[in-house]
């Protein structure tokens, strides 16, 4: 019975949520297709081994730990070589990565090294005979494609948040391994890792996203959006392409077809008219609230709840109301 | 510098798509096509690099049927020097097959830099760029939001979730570009005329095996209609109440 | 706008590429500012370098003079896309290309062509066209502006022109004047007048309720002394300025289609989102009728101009054919704009929506370059052989 491989992403000495999603998905795949073990690859700076037991909680039978100073700041070449070597040696039937920024960079390299095809940014996958059948949002999220991937191992990247990590505790055995290529010999060198830049919560992780558009009239008015995010406590601030183009917010905050695709519990669209390319980035949010002074704005077509009015007037009132509601518990 | 840019022809994403009768593709009738957005940034990046750094060559490559020549000519009218069509009946669903065909074309090209868009806006896989780099054995930086090149060395920024990575590498290399890179210029009318005289070569695409097939394409479920809760700041209490009791997100 | 009649299949890839480039320019650089410019009564001079770089000025003139060398259908599509933005913008380009660069190209000496055309294509020299006078609009043959040749071959120019687009920002004016006291229209010649010549004044005409995002001026010539080489050597008679008008009218027949398309698209989008009596207004019969008529007239106008463009490229075009196109297309465009404005209801009177701005602009376009009525008489004369002008 072949085993299933999962890549456990970590950063700054901590596992990211997507690592648990990948391991949990591997566990579910293994269980649904006749069993076999889940082997998770955990690589990073020395000390990262301490995180191994957390992976066991989500169903990893084996955690392959690769510790090296040169892996402190990722290191795509060495990680790809290491993952590819392990996947090849282990005869896995499937290898699951997250479609996070790192995963999207890593998995194609691994697939190409192994000479196998891969399915990207999938929201679900299961075996049908020897082939892996996956679902993948395409065409700016307007079409869902069902794809069949043949060849072994089947490599996929799993869309972050598409499948919640489910606990399925296993006694994870730890195996130590060496990087398959010397991290110091990598041709692309990470010179610097700049964390945060003010924003505490990344829009990819936040359960609530409050997002601002042109209706805010100026970069300074984004303070009102930040205040609302702070009132929610667990919110990140997003932006439309129009305001990132104008330099009011950084590009990495842009939500839309050519920006980030998000699916939070709650998306609050503030002063956003609802251009199709923006909606492509947030249409899968569970609940959408829109505030815009134009009653005919397209955003109201996708919103669950809307308020028509001047967002600059309404924001402070909404912020106070949210603060109060949360205080009441 | 000798720069190659790989581009893809995609339909206009503003379209309300319909599924074709065969159930495995999008209905193409009435669709308008253009270069994928990020590919446009890649072409623009190449043009700006060669404009700033003295004489060079920008070559654009696209895989697909003859209609992709329209997008190749658009790149030529923006200022690219030469175009290559790798001819195939359709663009495969398998990124590795595409990467193989591109690598075969790029291998002997002597390129200093090979650019891709981060992902095609229709298939949205982000696999072809890094796969091509692996097949060529070249260093690769994906999804860069800035790219500076001097004396055969490159520095780039990559956005991770909640962090930015600054990377350095020597050329030749493969880079895929993301938001933050310059938007595509619109071709000048003289450029459109000049494009007609620039070389556009057609060669067969060497795809090899394809291991991914499309089983089905379907439209996602419609969202249930929402409602306007009220007007002005006065509507806030009702909104908050609904978020608490109905949506249960607060 | 949906290509309802697949007219795109009758366009070459190059023509569609030209249209796409100009459309993108208008979307990104003109639409965001034009509503405000119209309200303020200001022509957005700041887009001139961008328009020049795009290659819009004199786009159908040859590459050897620094122009894009496009065919006439591509030229028409440029006008269509510019006027989809605003008639004032398209008027600027029409004047620069068809009314100043064209006469220099058609009637100028090689030195004049080499000196002016590349700089005009690059937007470094802006020109205006001085034909219409305060008392002579529909009847340009009656003009009283007079140029007197001096012993040394130079000229002294006296007179006035009115309703001159680009007048106050132009560096040169192509002025049409009768010569040497001869009051017949046979004596009309064209002159390139640098606007900084002593005795030349240009004054903005204020109080316009139409073409507000355009520069319209009165020109006055008081003993303006022109050198020998100011004359356009191959010009002669009323025919010369009329040939220029034919060029401009051709472009206008395309341009107004753009304005009509903009109004139709706005009306259609509004009709499918505006709710009244519990349903979108696009579901009501009267609004559907409006939309059906607008669509039909736009399609017809497109086909008229497209065929006209192919005739022009084949060298077979007649001024009367251009009259038919200008007359029809301006007429339907004013109707489309008005009906779109009406469909928009109260919102339709706001500057935020384009239809009323287009509606007001199109009244000028209906009137200039040969009023609707004049073109009616041109066609009447063409088919009966009888002049009904006076």
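Where both residues lie in chain A, what percent of DSSP beta bridges are antiparallel, nearest 5? Spell out each step's value before the answer.
Values: 14 of 62 bridges.
Percentage antiparallel, nearest 5: 25.
Any idea how far apart residue A:294 and residue C:186 come out in nm if each label point goes 7 Å out from Cα toward Cβ?
The answer from the label model is 6.1 nm.
For the residue pair residue A:88 and residue B:206, what label-to-label distance in nm results when each label sits 7 Å from Cα along the Cα-to-beta-carbon direction?
2.1
What is the antiparallel percent of DSSP beta bridges lying wholly in chain C, to the nearest 5? Don't skip to the end; give the middle numbers.
Details: 27 of 33 bridges.
Roughly 80 percent of the beta bridges in chain C run antiparallel, per DSSP.
For a footprinting-style exposure proxy, rank C:263, C:37, C:244, B:6 by other Cβ within 10 Å, fewest first.
Working: C:263 32, C:37 20, C:244 24, B:6 28.
Least crowded to most crowded, the residues run C:37, C:244, B:6, C:263.
Based on the Cβ-Cβ distance of residue A:312 and residue A:246, what FRET efficiency does E = 1/(1 + (r/R0)^6) give at R0 = 22 Å, to the nearest 0.05? Show your work: numbers first, answer last.
Working: r = 17 Å, r/R0 = 0.77.
FRET efficiency, residue A:312 to residue A:246: 0.85.
Could you work out, residue by residue across A:254-267, how many beta carbons of other chains sit within 10 Å of that residue's beta carbon, and then give the average as an integer? Write down the numbers at each step before the final one.
Working: counts 3, 0, 1, 5, 12, 2, 3, 1, 0, 0, 1, 4, 5, 1.
Mean number of neighbouring Cβ atoms from other chains: 3.
Gain in length, residue B:197 to residue B:29, computed as 0.36 nm per residue apart minus the alpha-carbon separation, to one decimal in nm? Working shown, then result.
On the way: separation 168, 0.36 × 168 = 60.48 nm, distance 3.07 nm.
Here the answer is 57.4 nm.
Under the rule of -39500 (n - 2.57) per DSSP H run of 4 or more residues, summed and divided by the residues of chain C, what mean residue ellipticity at 222 nm is obtained, to the nearest 500 deg cm²/dmol? Walk me through the numbers on the way to the answer.
Numbers: 12 runs with 183 residues, N = 390.
The per-residue figure over chain C is -15500 deg cm²/dmol.
Packing-wise, with mean Cβ within 10 Å as the measure, how do B:172-179, B:46-53 rank, highest first?
Descending packing order for the listed peptides: B:172-179, B:46-53.
For n ≥ 4 DSSP H runs only, could you compute -39500 (n - 2.57) per run for chain B, divide by its residues and tell me the 222 nm figure to the nearest 500?
Details: 6 runs with 64 residues, N = 250.
It comes out at -7500 deg cm²/dmol, rounded to the nearest 500.
Among C:92, C:389, which comes first, then next, by fewest other beta-carbon atoms within 10 Å? Please list the in-between numbers first.
Values: C:92 28, C:389 10.
With the fewest neighbours first, C:92, C:389 line up as C:389, C:92.
Among DSSP beta bridges lying fully in chain B, give the percent that are antiparallel, nearest 5.
Details: 18 of 47 bridges.
If we restrict to bridges inside chain B, about 40 percent are antiparallel.
So which residue, out of A:289, A:38, A:143, gets the largest mean-square fluctuation from a GNM of chain A using Cα contacts under 10 Å as springs?
Per the Cα network of chain A with a 10 Å cutoff, A:143 tops the list.
Find how many whole Å separate the alpha carbon centroid of segment C:119-170 from the alpha carbon centroid of segment A:243-303.
54
If you fit an axis through the alpha-carbon atoms of helix A:17-32 and take the longest principal axis of the Cα set of chain A, what angle between them do you get, 0 to 90°, nearest 10?
The angle comes out near 60 degrees.
Report, in whole Å, the centroid distance computed from the Cα atoms of segment A:155-213 and segment B:150-189.
About 21 Å separates the Cα centre of segment A:155-213 from the one of segment B:150-189.
Could you calculate the contour length gain from residue C:9 to residue C:381, that is, 0.36 nm times the residue separation minus the distance between their Cα atoms, to one decimal place in nm?
Values: separation 372, 0.36 × 372 = 133.92 nm, distance 3.55 nm.
In short, 130.4 nm is gained.
Connecting C-alpha atoms closer than 10 Å in a GNM of chain C, tell me which of C:151, C:262, C:74 has the biggest fluctuation.
C:151
Order A:117-124, A:27-34, C:115-122 from most to least packed using the mean count of other Cβ atoms within 10 Å. Walk me through the numbers on the way to the answer.
Numbers: A:117-124: 24.5, A:27-34: 17.9, C:115-122: 20.6.
Taking the mean over residues of other Cβ atoms within 10 Å, the ranking is A:117-124, C:115-122, A:27-34.
Please compute the average number of Cβ atoms from other chains found within 10 Å of each residue's Cβ in peptide C:69-81.
Working: counts 3, 4, 1, 0, 0, 3, 1, 0, 0, 1, 0, 0, 0.
Averaged over the peptide's residues, the number is 1.
Connecting C-alpha atoms closer than 10 Å in a GNM of chain A, tell me which of A:275, A:172, A:95 has the biggest fluctuation.
Checking each option, the largest mean-square fluctuation is seen for A:275.
For the ranges C:209-217, B:121-129, A:260-268, what's the packing order if you count other beta-carbon atoms within 10 Å of each residue, average per peptide, and put the highest first?
Working: C:209-217: 21.8, B:121-129: 25.7, A:260-268: 23.9.
Final packing ranking: B:121-129, A:260-268, C:209-217.
Under the definition of partner shielding as Cβ atoms of other protein chains within 10 Å of a residue Cβ, what is the mean value for peptide A:124-131? Show your work: numbers first, answer last.
Numbers: counts 0, 0, 0, 0, 1, 0, 0, 4.
The shielding value for this peptide is 1.
If I take R0 = 25 Å and measure r between the Cβ atoms of residue B:227 and residue C:296 in this structure, what FRET efficiency does the formula 1/(1 + (r/R0)^6) give, to the nearest 0.05? Spell out each step's value before the answer.
Numbers: r = 37 Å, r/R0 = 1.49.
That gives a FRET efficiency of 0.10.
Taking the Cα-to-Cβ direction at residue A:128 and at residue A:173 and moving 7 Å from each Cα, how far apart do the two end points lie in nm?
Here the answer is 3.6 nm between the modelled labels.
Quick check: the angle from helix C:13-25's long axis to the longest principal axis of chain C, C-alpha only, nearest 10 degrees?
Approximately 90 degrees, to the nearest 10.
Between 0 and 90 degrees, rounded to the nearest ten: what's the tilt of helix A:101-114 against the longest Cα principal axis of chain A?
In chain A, helix A:101-114 runs at an angle near 30 degrees to the longest axis.
First measure r as the distance between the Cβ atoms of residue C:203 and residue C:316, then evaluate 1/(1 + (r/R0)^6) with R0 = 35 Å and state the FRET efficiency to the nearest 0.05.
Numbers: r = 42 Å, r/R0 = 1.20.
Efficiency at R0 = 35 Å is approximately 0.25.
Taking the number of other C-beta atoms within 10 Å as the exposure measure, put B:25, C:184, A:98, C:235 in order starting with the fewest. Display every interim value, and only then the final one.
On the way: B:25 14, C:184 10, A:98 30, C:235 21.
Final ranking by Cβ density, sparse to dense: C:184, B:25, C:235, A:98.
Quick note: the coordinates plus some simple rules give every number you see, no bench work behind them. These figures come from a predicted structure and were not determined experimentally. FYI the Cβ positions are ideal-geometry reconstructions off the backbone, even for glycines, and counts take in every protein chain you see.
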